[in-house]
Structures are given as structure tokens and as C-alpha cells.
Amino acid sequence: MRKPKSMSELVYHTRRKDEFGTVRVWVFKENCTECGKVKMGKPVNPKTGKVKSRSKEYVCSECDHSVEKEAYEDSLTASIEYTCPEGHSGEIEIPFERRKLTIKNLNTGKNKRKPGVSFNCKTCDFEIKVVKLK
Ligand SMILES: [Zn+2]
Ligand SMILES: [Zn+2]
């Protein structure tokens, strides 16, 4: 599986340890679907040269093609390294498409719906949920 060399290659990265085990998730930026020349990125302010990190869209610096943030991120692939609560380690690649997941609050016992991605441990089939992705 492709590993990131620097954070600038990524749209998203997280490491966490919770009731679903230990999970590391990273999502690579991908090339513009229109011209294929460069990776899509957040727009740059032409005056300051700084990236507008809160922008709601991604743009191509070559052809000006733009995609709404959610739609662009949903089209990407999440690379995941995990160790499930049973101790099985594995790697998996899944679409970075966030769905509403039901999460039980371990303190209150109440279920909540939160956006995230989920996948199953390849060894024991335990469903690992990664929520609050941004
Ligand atoms: Zn382009
Ligand atoms: Zn497992």
C-alpha cells in the first residue's frame, strides 16, 4: 500500500485508538479529472500566496476545474492500517465516502449517528468505524 512521504500529499490524515482498536487513515490528493496534469488542491489567495484551507472547493491550478469539497473527497480513496480489538492487524483501501454510522456512547449507552467510514477486520469480520472525519 502506498505510504505518504509528506502531509502535503494528503487531503486527510488521522491516527486514533478507541473501542474499535487502533486505526491510521490517510487520503491522497488525486489528479484533476479534467486535465490530469496536477493534483487538485484548495485555492490559493493570489495576493498572499497562501492556501485557503477553509475553502469549500478544490481547484486545479492548470485548468481551473473546480469541484465542491464533499464531492471531491468522496471520490478519493482512504488507505487504512488497523489493529482490531482482537489484535488482528491489517491494511485496507476503501472509498473515502462518509456515511452516517451508529455509534454507541460508552459512557451513556446511547446511540448516536455520526458521519464516518467503516470496514470489517479481514480476520474476524469485526466492524471498525472511524467517525468524525473532519
Ligand atoms: Zn485540471
Ligand atoms: Zn479482527
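Using modelled backbone amide H atoms (1.01 Å from N, in-plane), which distant-in-sequence or interchain residues come within less than 5 Å of VAL38's amide H?
So VAL38 has HN proximity to CYS32.
Can you list which of the GluC sites (Glu not before Pro) found in the range 1-51 are DSSP loop residues with at most 12 other C-beta atoms within 10 Å?
On the way: sites: GLU9, GLU19, GLU30, GLU34; in loops: GLU19, GLU30, GLU34.
Qualifying residues, ordered by number: GLU19.
Going by a ≥ b ≥ c, the root eigenvalues of the Cα gyration tensor, does the range 30-75 fall in the rounded group (a/c under 1.5), the prolate group (a/b larger than b/c) or the oblate group? Mind showing how you got there, number by number?
Numbers: a/c = 2.45, a/b = 1.28, b/c = 1.91.
Oblate, since a/c reaches 1.5 and b/c is not below a/b.
Using a Gaussian network model on the chain with a 10 Å cutoff between Cα atoms, which of VAL51, VAL27, VAL11 fluctuates the most?
VAL51
Would you mind checking which residues have amide H under 5 Å from LYS52's amide H? H placed 1.01 Å from N; only 5 or more apart, or other chain.
Amide H neighbours of LYS52, under 5 Å, 5+ apart: VAL44, ASN45.
For the chain, modelled as a Gaussian network with Cα springs under 10 Å, which listed residue fluctuates most, LYS104, LYS42, LYS122?
Checking each option, the largest mean-square fluctuation is seen for LYS104.
Given HIS13, PHE119, GLY90, which one lies farthest toward the positive end of the charge dipole of the chain, if we put +1 on the Cβ of every Lys and Arg and -1 on the Cβ of every Asp and Glu?
HIS13
When the Karplus curve 6.51 cos²θ - 1.76 cosθ + 1.60 is applied with θ = phi - 60°, which whole-Hz ³J(HN,Hα) does each residue of the range 120-125 get, with x for Gly and Pro?
10, 4, 5, 8, 10, 6
Greater than 28 Å separation of Cα atoms is the criterion. Which listed pairs, LYS3/LYS112; LYS29/LYS104; LYS5/LYS104; LYS5/LYS37; LYS69/LYS112; LYS17/LYS110, meet it?
Working: LYS3/LYS112 33 Å; LYS29/LYS104 32 Å; LYS5/LYS104 35 Å; LYS5/LYS37 20 Å; LYS69/LYS112 25 Å; LYS17/LYS110 20 Å.
From the list (LYS3/LYS112; LYS29/LYS104; LYS5/LYS104; LYS5/LYS37; LYS69/LYS112; LYS17/LYS110), the Cα-Cα distance tops 28 Å for LYS3/LYS112; LYS29/LYS104; LYS5/LYS104.
For the range 44-55, in order, what is each residue's ³J(HN,Hα) by Karplus, 6.51 cos²θ - 1.76 cosθ + 1.60 with θ = phi - 60°, in whole Hz (x at glycine and Pro)?
9, 5, x, 6, 9, x, 9, 6, 7, 5, 8, 4
Nearest 20 debye, what's the magnitude of the dipole of the chain about its Cα centre given +1 on Lys and Arg Cβ and -1 on Asp and Glu Cβ? Numbers along the way, then the final one.
Values: 29 positive and 19 negative charges, 160 e Å.
Once rounded to the nearest 20, the dipole reads 760 debye.
Which whole-number percent is the relative contact order of the range 1-118 (Cα, under 8 Å, 6+ apart)? Before the final figure, lay out each step's value.
Working: 209 pairs, mean separation 22.2, N = 118.
Value for the range 1-118: 19 percent.
Read-outs throughout are calculated quantities, based only on the coordinates presented, and are distinct from any laboratory measurement. Computed from a predicted model, the values in this text were never measured in an experiment. Note that we place each Cβ from the backbone using ideal geometry, even for glycine, and neighbour counts take in every protein chain shown.
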